[in-house]
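The values are calculated or read from the model by the stated rules, or taken from the named source; none is laboratory data. Predicted model only: the values in this text are computed from it and were never measured. Here the Cβ is made from the backbone with ideal geometry for all residues, glycine too, and neighbour counts use every protein chain on show. Heads up: the accessible areas ignore ligands, DNA and RNA and are worked out on the full protein's heavy atoms, side chains in. Shrake-Rupley method; radii C 1.70, N 1.55, O 1.52, S 1.80 Å.
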Amino acid sequence: MATSAKALSSKDAPTNPRGIPFAPFVDKVEDYVASREEVESTLKSFQEMISKYQFMEVNTQRRAAGLKDKIPDISKTLETVQFLKTRKADLDPIETTFELNDTLFAKALVPPTEEVYLWLGANVMLAYPIPEAEELLKSKLSAAKLSLENCDEDQDFLREQITTLEVATARVYNWDVAQRRKERTEHEGSIAGPKAASPNG
């Protein structure tokens, strides 16, 4: 068990592209457990690993949900910037409505413009020339889409690792039960042996 634990904690242990380590696949229980004394510590370490994977899975789900909310907003903003880019300087202002919050909209006259203001988060807004704003939003959109793909991949990966560890836990537990049964049978056999040999039984 000591050698397998070292292998799991090693920096050279195989990981997925985001650095999440693979769970150990228990083919032969004897490779992980030398004796019954190591069963409890092995099961405990597997349970700890399952908890870590579950924690990562919850965080990944949260991040994916945030990205799913964010991507439509970035797309909408990019479409607006691309529309403003098509507006020539000599055109009349257009009347539009804009969102103040989820249920409140206001009307505005928007003249042709060379720059836009973008929220960057943390109550920060910056003015950008339209071509720069378009580039920034395109890069933010592609980064968000890539992050969402990675989150989906990681969620599948984490589910696989949890299943692998659950199977490993069951194998070690079953091996322990079989060893106990074997020991009990041997013990009962050694007690029954002398009795059978006694002539007065």
(message) For segment 38-91, which positions are in contact (Cβ under 8 Å) with a residue 60 or more places away in the chain, of a type outside the set (S, T, N, Q) and either over 30 Å from T113 (Cβ atoms) or out of contact with any helix residue (DSSP H, G or I) (no Cβ under 7 Å at 6 or more places or on another chain) (or both)?
(response) V39, L43, F46, M49, I50, Y53, M56, E57, R63, A64, K68
(message) Go through segment 9-61 and report how many residues are open to solvent by less than 50 Å² (accessible area, probe 1.4 Å), among the charged types (D, E, K, R) and assigned to a loop (DSSP other than H, G, I, E, B).
(response) 0
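Kindly indicate whether any position in segment 115-127 is part of a helix (DSSP H, G or I) and without any contact (Cβ under 8 Å) to a residue 12 or more places away in the chain. So that I can check it myself, show each step before the final result.
Within segment 115-127, the subset part of a helix (DSSP H, G or I) is none.
The answer is no; no qualifying residue exists.
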(request) May I ask you to list the residues in segment 92-114 that are more than 21 Å from I74 (Cβ to Cβ), in a strand (DSSP E or B) and either open to solvent by 70 Å² or more (accessible area, probe 1.4 Å) or touching a residue at least 24 places away in the same chain (Cβ under 8 Å) (or both)? (result) E95, L104, K107, L109
(message) Out of everything in segment 165-185 that is hydroxyl-bearing (S, T, Y) and open to solvent by 40 Å² or more (accessible area, probe 1.4 Å), what residue ends up being modelled with the lowest pLDDT?
(response) T185
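Could you check how many residues of segment 127-171 are among the β-branched types (V, I, T) and farther than 22 Å from V26 by Cα?
So in segment 127-171, the residues among the β-branched types (V, I, T) come out as 130, 162-164, 167, 169.
Then keep just the ones that are farther than 22 Å from V26 by Cα; that gives 130.
Result for segment 127-171: 1.
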(request) Would you check if L136 is farther than 30 Å from Y53 by Cβ, open to solvent by 80 Å² or more (accessible area, probe 1.4 Å) and of a type outside the set (S, T, Y)? (result) no
(request) Take Y117 and decide whether it is among the hydroxyl-bearing types (S, T, Y), closer than 22 Å to T96 by Cα and open to solvent by less than 50 Å² (accessible area, probe 1.4 Å). (result) no
(request) Output the qualifying pairs, or none if there are none: Cβ atoms under 7 angstrom, residues six or more apart or on different chains, first residue in segment 172-201 and at negative phi and part of a helix (DSSP H, G or I), second residue at pLDDT 85 or above and surrounded by 11 or more Cβ atoms within 10 Å (Cβ to Cβ). (result) V172/V26; V172/V29; V172/V39; V172/T42; V172/L43; Y173/L43; W175/V29; D176/V39
(request) Of the conditions (1) open to solvent by 70 Å² or more (accessible area, probe 1.4 Å); (2) assigned to a helix (DSSP H, G or I), F157 clears all except one; give me its number. (result) (1)
(request) Please tell me if A89 is over 23 Å from D154 (Cβ atoms), at pLDDT below 90 and either open to solvent by 90 Å² or more (accessible area, probe 1.4 Å) or not basic (K, R) (or both). (result) yes
